[in-house]
Structure formats: structure tokens, C-alpha cells
Amino acid sequence: MMPYSFHFPQARRCGGAGLVTAIFLLVVLAGLAAALVTVFTNQRQSAALDEQGARAYQAARAGIEWALLRRATDAAYCATASVNGAVSAIDRFQLPVGTLAPFRVTVECWMNPGPASANANVNLDRRRIRASACTANAGDCPAPNNSADYVARVIEVQI
């Protein structure tokens, strides 16, 4: 009787092809899984930053409303004329408890004198109020340098 390998020499040469194919498929599937994890992680971070951006916008709006209320109740607020664009009033505060608590708000005000009016009762002075809201861990708002989780929004109004 002849040995098994002598009758079928081609079967002996193809014996490891299944192992090579299985390793190749495992490597490809592992690479695909890693890519999917990366995409899902980036998507989740992007959604979180988008939500933080909306909160920062609301914090900046709160700063504008605060400045408008302060201007309505205190005539001396932002009443000094700006010289060479210098800021007349700067207020910095951190919002109290709630979803806006992680944000620091900086409110700046400029008063630009208007032209003389023929009617003495008409005041043509113009005030610019800018509110900057950013994440509180940044220190100054707006921060001089960015980080991966830094979010800031700036709103400016003229009255």
C-alpha cells in the first residue's frame, strides 16, 4: 500500500490556505471594528460639543440681557464716552447653578457719542454691548488658547 500523501500530492500543498484566509479575515474585521469605534466616538464628541455650544450661546444671551437690564436701571452704566475704542465698562461673572453654571461670561460696553441733535431731548449716543461666554476652566473669556473641550460664543448688540 502506498502512503496517503503519495496518492494526493496537491492536497498536501493546499493544507494551510484556510488558515491564511482566516487570519486575513480577522485582521480586516478588526480594522473595520476599530474604524467604527473611532467614527462613533467622534460623533458622540461632536454632539456633546454642539450641545455645549448651544448652552454657551444661551449664556452669552444671558450676559446681554443682564447688561441691558443694568443699563435700564442704572443710567451711569456705560455712560462714559469711549476714547479710541476703549471699553467703558467690563463685567465678569460666572452664572449661578443650573445647566449654564459651567460658563464664565464677560460683558463689555462701549459708548460712542452721537452727532449733535437740533432737539435737546433726543439722545443720539450709541452703545455697543458684547457678551462673551466660554467654558469656565478656560480662565479668561475668551481664552487665549484652545483645548479640545473649549466652547465659546460671542454676541454683540447696539442700542
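The values are calculated or read from the model by the stated rules, or taken from the named source; none is laboratory data. Just so you know, these numbers come straight off a predicted model, no measurement behind them. Don't worry about glycine lacking a Cβ; one is built from the backbone with ideal geometry, like all the others, and counts go over all protein chains shown. Accessible surface areas use protein heavy atoms only, side chains included; no ligands, DNA or RNA. Shrake-Rupley method; radii C 1.70, N 1.55, O 1.52, S 1.80 Å.
Some notes on this structure:
- Residue that is modelled with the lowest pLDDT, among those in the range 145-159 that are open to solvent by 70 Å² or more (accessible area, probe 1.4 Å) and under 8 Å from the mean Cα position of the chain (by Cα): Asp149
- Restricting the first member to the range 126-144 and to residues that are modelled with pLDDT under 90 and open to solvent by 60 Å² or more (accessible area, probe 1.4 Å), and the second to residues that are part of a loop (DSSP other than H, G, I, E, B) and not aliphatic (A, V, I, L, M), the beta-carbon pairs closer than 6 Å and six or more apart or on different chains are Arg126/Gly114.
- Of all residues in the range 11-40, none that is among the polar types (S, T, N, Q) has its Cβ atom under 6 Å from the Cβ atom of a residue that is at pLDDT below 90, 6 or more apart or on another chain.
- Considering each residue of the range 115-123 in turn, none proves to be small (Gly, Ala, Ser), assigned to a loop (DSSP other than H, G, I, E, B), out of contact with any strand residue (DSSP E or B) (no Cβ under 7 Å at 6 or more places or on another chain) and modelled with pLDDT of 75 or more.
- Taking (1) open to solvent by 100 Å² or more (accessible area, probe 1.4 Å); (2) at pLDDT 90 or above in turn, Val28 satisfies each apart from (1).
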